[in-house]
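The structure appears below as structure tokens.
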Amino acid sequence: MGTEAEDDRHEDSGTAFLRCFGRQMKLAREGAGLTQTELGDRVGYGEGLVASVEQGRRIPKPEMIDAVDDAVGAGGMLRAMKEEVARARYPGFFRDAARLEADAVELHVYANHAVPGLLQTEEYARAVFAMWRPLLSKEIIEQRLAARLARQAIFSRKAAPLMSFVIEESVLRRPIGGPDVLRGQIEHLLLIGHQRNVEMQVMPTDRDEHAGLAGPFTLIHTKERRRIAYTEVQSDSRLHTEPKKVQDLEATYGIIRAQALTPRESLVFIEKLLGEA
């Protein structure tokens, strides 16, 4: 768990908003003459969760916000903040990208440091956040873990987006979280990789030509036919909308895909890695 100073460094506008929402919920509860236990009983959630939300340490689900708003007679005040509460799950540098990602019709990801967040298992993601420096507090880790897993609802969307991933072989061999966590992660990649709307490719370490040396990036195609690129390094992120920049990254991604193993070869390669794990 990080120090208090570290917690302050990582408190962005989203964390501050959650604390503000929690105070509003507490005021509404007290205005209704309810204790945390009584409110929990009325809405079907435990007293501990109610307390954590009021303290800004837990992010309430939309259905909990609706139930609390009705139970305390808030008149829609809490319900009106649902969208902002959902956005607050993400660190500030990723918030806009998360919104675009959720509605994308196409997503294409090149990853060279860790398994992409959309593909991470809970155990792998927890290990990634635990390794963050400066250290994240337990509360921030839980918030970001919940947000990362929530993003994966994109795989169950009715209008499933077309998705492709190119992942470095070194990423698949790096035992983040330990051998058991890595094995579970590789198994998960195989499951996702067999979905009809997903193409997964591996970039072998022994390739002597590589177009992706400038770093990882994501290409996003929206339902409004906008083409956007997202880059991130050391929590410094940027959404690129200028056509020339996006076209350059699209061209780079095409070359990366051509240099990597084909999707079929990649699944065979991942299965081989699973046997070695």
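Here are the numbers for the structure shown:
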item	result
Helical mean residue ellipticity (222 nm; -39500 (n - 2.57) per DSSP H run of 4+; nearest 500) of the chain	-15000 deg cm²/dmol
Size of electric dipole in the chain: Cβ of Lys, Arg +1 and of Asp, Glu -1, about Cα centre, debye, nearest 20	540
Average accessible area per residue (Å²) across region 162-270 - probe 1.4 Å, nucleic acids and ligands excluded	55
Under 12 Å from the Cα of Lys158 - aspartates and glutamates, other chains or at least 8 residues apart	Asp103
Sites Arg226 and Phe93, calculated FRET efficiency, Cβ-Cβ separation with R0 22 Å, nearest 0.05	0.60
Check: region 155-277 dipole with +1 on Lys, Arg Cβ and -1 on Asp, Glu Cβ, in debye	680
Nearest-0.05 FRET efficiency for Arg196 and Met77, computed from C-beta distance (R0 51 Å)	0.70
Proximal lysines relative to Lys61, as straight alpha-carbon distance under 18 Å, when same-chain residues fewer than 8 apart are discounted	Lys26, Lys82
Degrees separating the helix 138-151 axis from the principal Cα axis of the chain, which is the longest one	60
Positive-end residue, region 182-277 charge dipole about Cα centroid, Cβ charges, pick of Pro263, Ile192, Thr222	Thr222
DSSP bridge pairs, the chain: antiparallel proportion in percent, nearest 5	55
Heavy-atom accessible surface of region 105-203: percent carbon and sulfur, 1.4 Å	56
Cα-projected label distance for His210 with Val105, points at 7 Å along beta-carbon direction, nm	3.5
Where region 8-71 is the region considered: accessible area per residue in Å², 1.4 Å probe	52
Length released on extending from Asp66 to Lys138, taking residue separation times 0.36 nm less the Cα-Cα span	23.2 nm
Selection from Gly254, Thr241, Thr231 lying farthest towards where the dipole of region 156-277 points positive, charges on Cβ	Thr241
Over the chain: Kirkwood hydrodynamic radius from C-alpha pairwise inverse distances, Å	20.5
Cα-projected label distance for Ala16 with Glu122, points at 7 Å along beta-carbon direction, nm	3.3
Angle in degrees between helix 263-276 and the longest Cα principal axis of the chain, rounded to the nearest 10	80
Percentage relative contact order, region 37-113, counting C-alpha pairs under 8 Å, at least six apart	18
0 to 90° range, to nearest 10: angle between helix 179-193 axis and the chain longest Cα axis	80
Whole-percent pair-distance distribution, where bins are 10 Å wide, for the alpha carbons of region 31-74	31, 64, 5
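The values are calculated or read from the model by the stated rules, or taken from the named source; none is laboratory data. All values derive from a computational prediction rather than experimental measurement. Virtual Cβ from ideal backbone geometry, glycine too; neighbours counted across all protein chains shown. The accessibility values were calculated without ligands, DNA or RNA, using every heavy atom of the protein model including side chains. Shrake-Rupley method; radii C 1.70, N 1.55, O 1.52, S 1.80 Å.
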